[in-house]
Amino acid sequence: MVSADVARNIVGIIGNVISFGLFLSPVPTFWRIYKAKDVEEFKPDPYLATLMNCLLWFFYGLPIVHPNSTLVLTINGIGLVIEGAYIIMFIIYAAKNTRWKMLGVLAIEAAFMAAVVAGVLVGAHTHEKRSMI
């Protein structure tokens, strides 16, 4: 019989493997962008949204917020690196107006993340409260 903790860890590892696959799913798109040296008609929105998602989950997984969240922390750290690479490539090959729009969205995401971090760390002083927020 498998204990509940072992089962939970197995499910978590399976989830991380699936998430890793999802993070890598745009590789053919970015290979095409790299070969063409142009983003063509592709939009940056999914990559910017996934970056924000990974930032929030990475923060949640930090020991200061939610202890013992190694799986959450690692897969979202990996996601940050992968999405960051996609965004950098997109910025390199995008038209100037798209590049500026992306940098504006990234600035808004950074400001939002700073507000979340400050709000959680200043406003909640226990792991339970930080995790709840």
Estimated Rh, the range 3-69: Kirkwood, alpha-carbon pairs, angstrom: 14.6
The chain: angle of helix 4-24 to the longest principal axis, Cα-based, in degrees nearest 10: 10
Pairs of lysines in the chain (C-alpha under 21 Å apart; 8 or more residues apart or interchain): 6
Under Karplus coefficients 6.51, -1.76 and 1.60, residue-wise ³J(HN,Hα) of the range 126-133 in Hz, glycine/proline x: 10, 4, 4, 5, 5, 5, 5, 5
Summed side-chain charge close to residue 65 - residues other than residue 65 whose Cβ falls under 11 Å, Lys, Arg +1, Asp, Glu -1: +1
Angle between the chain longest axis and helix 27-36 axis [Cα atoms, degrees, rounded to 10]: 20
Surface accessible to a 1.4 Å probe, per residue, for the residues of the range 4-131, Å²: 61
Relative pair counts by distance (%), Cα atoms of the range 4-131, 10 Å bins: 12, 35, 31, 17, 5, 0
On Cα atoms only, tilt of 70-93 relative to the major axis of the chain in degrees: 10
Cα-centred dipole magnitude for the chain, charges only on beta-carbon of K, R (+1) and D, E (-1), debye, nearest 20: 240
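The values are calculated or read from the model by the stated rules, or taken from the named source; none is laboratory data. Since we're looking at a predicted model, the values are computed, not measured. Quick reminder, even Gly has a Cβ in these numbers, built from the backbone with ideal geometry, and neighbours come from all protein chains shown. Just so you know, the surface numbers come from the protein's heavy atoms only, side chains and all, with ligands and any DNA or RNA stripped out. Shrake-Rupley method; radii C 1.70, N 1.55, O 1.52, S 1.80 Å.
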